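Read-outs: derived from the displayed coordinates by stated rules, not from any lab. Everything numeric in this text was worked out from a predicted model, so none of it was measured. Virtual Cβ from ideal backbone geometry, glycine too; neighbours counted across all protein chains shown.
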Amino acid sequence: MEPLNTTLPLLWFGLVALFLTIYLITDGFDLGVGILTLTAANEERRGIIINTLSTVWDANETWLVCTGGLLYGAFPLAYATIVNALYIPITMMVIGFIFRAVAFEFREHSINKTFWNFGFGGGSLLVAFAQGLVLGGVIAGIKVDEAGNFIGGTWDWLNLPSILVGLTVVQGYVLIGSTYLITKTEGELKRYHYITAKFSAITTFIGALILTIAAPLFYEQIRARVSHQPEILIFAVIPLLATGAMGLLLNSINRREEKMPFVWTIVVFLVTILSLAFVVFPYIIPFSVTIYQASSSLSSQVLMIAFIGFFVPIILFYNVYLYRVFQGKVISPHYGD
Amino acid sequence: MSFLSDTVMLSRIQFAITSIFHMFWPILTIGMSWYLVVMEVLWLKTKNPDFYRHARFWSKLYILNFGLGVASGVAIEFEFGANWAPFSVAVGDFLGSILGFEGTMAFMLEAAFLGIMIYGWNRVPPIMHLLATMFVAIGATLSSFWIIIANSWMQTPAGGEMVNGKFMVSSYLAAILNPAALNSWFHMVLAILETALFVIGGISAWYILNKRHPAFFSKSFKIAIALAILVTPLQIIAGHFSGEQVYHNQPTKLAAIEALWETVPAGKSAPWNVLVAPNVEEGKNNWTLSIPDGLGMVLAMKPQLSEPVLGLNEWKPKDRPHAVSLIFYTFRIMAGIGFLFVGLMGASVIQWLRGKLTVQNITEQPWLMRAWILAAPLGYVAVECGWMVREVGRQPWIVYGQMRTADAVSHVPASNVLVSLIAYTSIYLLLFACALYFGSRIIRQGPNLEVSLPHEGLAKSSKTGHITQTVSN
């Protein structure tokens with residue numbers, strides 16, 4: 001049983017990371033588009049922008065629900081402790097989600113759309129910023145007792161780096177939302193989102209750069225990890241990869257390519273997520289509880305891998321099918337078929 | 001106002017409010033998704049475009065409710081960790097895998113095919129659209145299955161034991177098929193179908209009463225009646241089995257449901273209380289109005305009980321539920337509505353058999369229509385009441401007999417919970433009012449009977465290479 005004890009938590013860490021990655025990309029553009037509706041010049045354009053999401057937003061958000069479920073199933077202690085410790089940003093995120101989800105329909109049916117327009121855009125912004133605070137709070141480390149239960153303060157997550165992470169996540173989502181809109185819209189809307197894409201690519205890069213430099217300075221744990229041999233090689237290569245992908249992204253935006261900005265943005269996201277995984281691993285509650293300490297029982301992990309492992313390809317298959325059914329440009333602000 | 005500084009009490013209130021609010025939306029959408037399946041099958045079989053128009057009309061109400069269900073459901077998933085972390089850790093081995101199953105098997109299926117069901121009419125062939133609607137219905141129903149399994153396990157934990165404050169599962173099958181699981185799920189699925197049927201029937205009745213498209217809505221009205229013939233009597237049976245299960249496995253809850261303080265020994269008969277004024281401090285009822293020998297009839301269908309029924313005074317006050325009046329009366333409201341639905345179904349069937357529901361005669365049944373309109377919200381009332389019985393009746397336990405609610409609450413200051421409680425409550429009140437307002441607007445606007453059939457009237461837009469996402473509805 002010894003090999004299972006070490007490989008299963010590893011496998012689950014990978015699976016949770018996979019779901020989280022798909023979530024960050026799909027709901028990333030979803031939330032980014034939501035934020036961009038705040039800048040839409042008129043109601044017709046806003047309608048078209050929102051319409052690029054109407055068929056996929058629920059599936060995108062469900063990746064988070066699944067990530068939460070899998071994290072809870074595979075690492076119950078991590079799920080409970082992290083969500084407990086980040087009570088305030090998590091609640092902010094949920095409230096943002098609520099306004100966003102209802103605004104799709106409420107906006108459509110209301111005569112004066114101002115309130116729900118703001119609910120949609122503001123809700124998206126709130127979710128994005130709160131997710132950044134959650135990420136910042138997790139990276140900063142969570143104070144736990146010897147059993148792994150949260151014992152820190154309510155405001156532990158609130159500090160300068162976590163606010164910077166929050167702002168950077170907002171920029172990153174606007175970036176991926178802009179490049180998604182380039183693929184889904186035409187004419188003036190498309191032109192406009194090349195500009196927002198370029199602007200947010202630059203601000204994202206600046207935010208990421210500051211964080212990459214500041215995190216090891218602020219946090220001893222991160223400093224120890226990134227300067228450790230032989231991982232130092234990884235942490236030297238990753239920023240180079242990210243910079244390279246960012247350069248290719250800017251280039252494709254400048255050349256007004258249609259699909260490639262979105263693709264390069266996804267590459268930037270993947271590199272960023274990979275580097276975060278390296279910083280955190282093997283901890284699941286940084287930097288005190290490892291995946292081995294937080295994992296659920298062997299039988300639970302085996303049962304889940306059998307069932308959920310079976311469903312993962314099916315899920316991926318029908319999600320791809322969904323996107324294929326609705327491929328092509330959206331040119332009408334009206335809602336419906 | 002000491003509860004304002006009591007994290008346990010505030011967390012309980014918050015969970016109650018968020019789950020009461022959440023419940024309103026999925027119970028309609030799950031039931032309605034099956035109704036949409038029926039309409040689409042009828043359309044494909046009969047080629048009568050009215051069934052297609054029905055599917056389009058009801059899915060407008062569907063999608064309005066759906067967003068609210070998703071949003072309020074996400075809140076609950078995070079509450080498990082945010083407000084109930086020690087509980088989540090202690091039972092994570094079981095509950096975590098169940099929530100993982102729910103997400104990957106059920107939620108995702110529903111969410112992905114929802115897009116096709118609502119917006120895909122012109123994008124996929126009709127048979128694929130029917131499949132999408134069926135996947136939505138199956139996904140939603142599977143969600144209800146897994147969440148009822150999780151909750152039933154909290155009512156009648158099985159398949160393992162608590163070791164050092166953590167539940168160790170020895171048999172997942174036994175844990176999933178715990179004593180409350182299947183009968184609770186049947187009871188809930190039937191409740192979901194009943195709620196949706198009486199909402200659809202009630203709205204159809206409103207149109208018929210107001211002589212708006214009576215021929216069109218007599219179709220949906222009669223389908224609702226036809227399905228109610230099956231569903232409403234089954235619910236009485238399912239309810240009875242649920243009651244029996246509580247009788248055998250959760251004696252404190254049963255005693256609270258019946259406001260029974262003193263044990264009734266086997267072989268004796270006892271009255272069934274209709275109205276009581278419970279006195280929790282003294283452990284008795286101040287007064288009662290009851291049916292002689294009724295308890296045996298209700299629990300065992302005979303006057304004398306073959307097994308004893310334990311009274312609340314068998315337990316110390318700290319080991320039994322306190323909100324006896326709430327449990328007692330919400331149970332009676334729920335059960336009463338169940339019987340009312342059977343009666344309304346029966347009256348409607350009689351009128352149907354007498355030929356009063358034909359297209360010519362149906363507008364001359366104002367009283368029947370009014371009864372259906374009044375019955376439309378009752379399914380919600382019954383479901384909410386039933387869940388209050390189930391959850392409040394389980395107290396003081398969060399996992400019956402294994403873990404106390406007071407030991408399950410997170411390390412969070414009361415002020416945080418108070419702020420989030422106020423935020424959720426005020427947002428939910430606003431959203432509830434908006435949902436009613438927009439829902440009634442959709443109903444007042446009525447169906448679009450000119451809507452063109454899928455894949456018709458699209459030629460011009462597809463020529464340009466774009467398939468527009470335009471409304472024809």
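Values computed for the structure shown
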quantity: Cβ neighbours within 10 Å from other chains - mean over B:413-425; calculated: 2
quantity: Expected 222 nm ellipticity per residue - DSSP helices of 4 or more, -39500 (n - 2.57), all of chain B, to 500; calculated: -22500 deg cm²/dmol
quantity: Magnitude of the charge dipole, the protein assembly as shown, Cβ model with Lys/Arg +1 and Asp/Glu -1, debye to 20; calculated: 2240 debye
quantity: Estimated inter-spin distance, B:Ser269 and A:Gln229, nm [label 7 Å along Cα→Cβ]; calculated: 9.0 nm
quantity: Amide H contacts of B:Met168 (H built 1.01 Å from N, under 5 Å, at least 5 apart or other chain); calculated: B:Glu161, B:Met162, B:Val163
quantity: Distance between modelled label sites at A:Val267 and A:Phe310, nm, 7 Å Cα→Cβ extension; calculated: 3.9 nm
quantity: Efficiency of FRET from Cβ geometry, B:Asn361 and A:Asn42, R₀ 51 Å, rounded to 0.05; calculated: 0.50
quantity: Residue order, fewest to most surrounding Cβ atoms within 10 angstrom, among A:Arg256, A:Arg225, A:Arg100, A:Arg45; calculated: A:Arg256, A:Arg45, A:Arg225, A:Arg100
quantity: Contact order relative to length of chain A, as percent, for alpha carbon pairs under 8 angstrom and 6 or more apart; calculated: 26 percent
quantity: Residue mean of other protein chain beta carbons inside 10 Å, A:86-93; calculated: 5
quantity: Values of log10 I(q)/I(0), in the order q = 0.08 Å⁻¹, for chain B under a Debye, Cα-only, solvent-free model; calculated: -0.54
quantity: Cα convex hull volume per residue for the stretch B:102-246 (Å³); calculated: 148 Å³
quantity: A:Thr290 long-range amide H proximity, modeled H, under 5 Å; calculated: A:Ile284
quantity: Among A:Asn42, A:Asn117, A:Asn254: highest mean-square fluctuation, GNM of chain A, C-alpha pairs under 10 Å; calculated: A:Asn42
quantity: Overall dimensions of the stretch B:1-88 by Cα: Rg and Dmax, Å; calculated: 19.3, 64
quantity: Projected label distance in nm at B:Val349 and B:Phe432, using a 7 Å step from Cα toward the beta-carbon; calculated: 3.5 nm
quantity: Candidates A:Phe120, A:Phe317, A:Phe269: whichever shows maximal mean-square fluctuation once chain A is modelled as a Gaussian network with Cα springs under 10 Å; calculated: A:Phe317
quantity: Amide hydrogen neighbours beyond the local backbone of B:Trp272, cut-off 5 Å, H modeled; calculated: B:Ile291, B:Asp293, B:Gly294, B:Leu295
quantity: Ranking of A:Asp30, B:Asp50, B:Asp407 by count of other Cβ atoms within 10 Å, fewest first; calculated: B:Asp407, B:Asp50, A:Asp30
quantity: Kyte-Doolittle at least 0.0, axis length at least 30 Å by Cα - qualifying DSSP helices, chain B; calculated: B:7-46, B:49-83, B:126-155, B:181-209, B:214-249, B:324-353, B:414-445
quantity: Percent RCO, i.e. relative contact order, over the stretch B:272-425, from Cα pairs under 8 Å lying at least 6 residues apart; calculated: 19 percent
quantity: Span from the the stretch A:1-46 Cα centroid across to the the stretch B:393-456 one, whole angstrom; calculated: 25 Å
quantity: Taking N as its residue count, the alpha carbon Rg of the stretch B:303-420 over 2.2 N^0.38 Å; calculated: 1.65
quantity: Per-residue mean of C-beta atoms belonging to partner chains within 10 Å, peptide A:103-113; calculated: 4
quantity: Hydrodynamic radius (Kirkwood) for the stretch B:245-362, which is based on Cα pairs only, to one decimal in Å; calculated: 16.1 Å
quantity: Share of alpha-carbon pairs per 10 Å distance bin for the protein assembly as shown, given as whole %; calculated: 2, 13, 22, 24, 20, 12, 5, 2, 0
quantity: Equivalent ellipsoid semi-axes, chain A, via Cα gyration tensor eigenvalues times 5, rooted, Å; calculated: 33, 23, 20
quantity: Sum of side-chain charges, B:Met23 neighbourhood, beta-carbon under 12 Å (Lys, Arg +1; Asp, Glu -1); calculated: -1
quantity: Degrees between helix A:87-109 axis and first principal axis of chain A (Cα, 0 to 90, nearest 10); calculated: 20 degrees
quantity: Average Cα contact separation per residue, chain B, under 8 Å, 6 or more apart, as relative contact order %; calculated: 20 percent
quantity: Three principal axis lengths of the stretch A:174-281 [C-alpha, angstrom, descending]; calculated: 51, 21, 19
quantity: Sum of side-chain charges, B:Gly355 neighbourhood, beta-carbon under 14 Å (Lys, Arg +1; Asp, Glu -1); calculated: +2
quantity: Exposure proxy ranking, count of Cβ atoms within 10 Å, fewest first, for B:His411, A:His193, B:His455; calculated: B:His455, B:His411, A:His193
